[in-house]
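The structure under discussion appears below in the form of structure tokens.
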Amino acid sequence: MKASISNDGWMGIAPSNQPITMRSLDFWRCENDLIRENWVLVDLLSVYDQIGVDVFSRMREYVQPL
């Protein structure tokens, strides 16, 4: 999916109006020929990478070496 983060942002990400690509997986559970549940997984690490946020670097700031 191609989109951009705009207006009030998305999931706490500030709007940048920069084009991004979101990869996702959809899982459906059907019962009696009807869709009963739908799970959607979005590759958020890829989204953050596209807007210049290094998630793993930020995580390392909070991890104390043993």
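So the values come out like this:
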{"quantity": "Selection status of Ser46, in a loop (DSSP other than H, G, I, E, B) and on the phi < 0 side of the Ramachandran plot", "calculated": "no"}
{"quantity": "Residue in the stretch 9-19 that is loosely packed, with under 10 Cβ neighbours inside 10 Å, at pLDDT 90 or above and over 12 Å from the mean Cα position of the chain (by Cα) present", "calculated": "no"}
{"quantity": "Residues of the stretch 20-37 classified as closer than 30 Å to Gly9 by Cα and outside any strand (DSSP E or B), total", "calculated": "2"}
{"quantity": "Complete set of residues in the stretch 15-56 that are over 21 Å from Ser4 (Cβ atoms) and among the basic types (Lys, Arg)", "calculated": "Arg29, Arg36"}
{"quantity": "The stretch 27-66 - residue that is within 17 Å of the chain's Cα centre (by Cα) and small (Gly, Ala, Ser) and, of those, surrounded by the most Cβ atoms within 10 Å (Cβ to Cβ)", "calculated": "Ser46"}
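The values are calculated or read from the model by the stated rules, or taken from the named source; none is laboratory data. What you see is a predicted model, and the numbers here were worked out from it, not measured in a lab. Cβ sites come from the backbone with ideal geometry, for glycine too, and all protein chains shown count toward neighbours.
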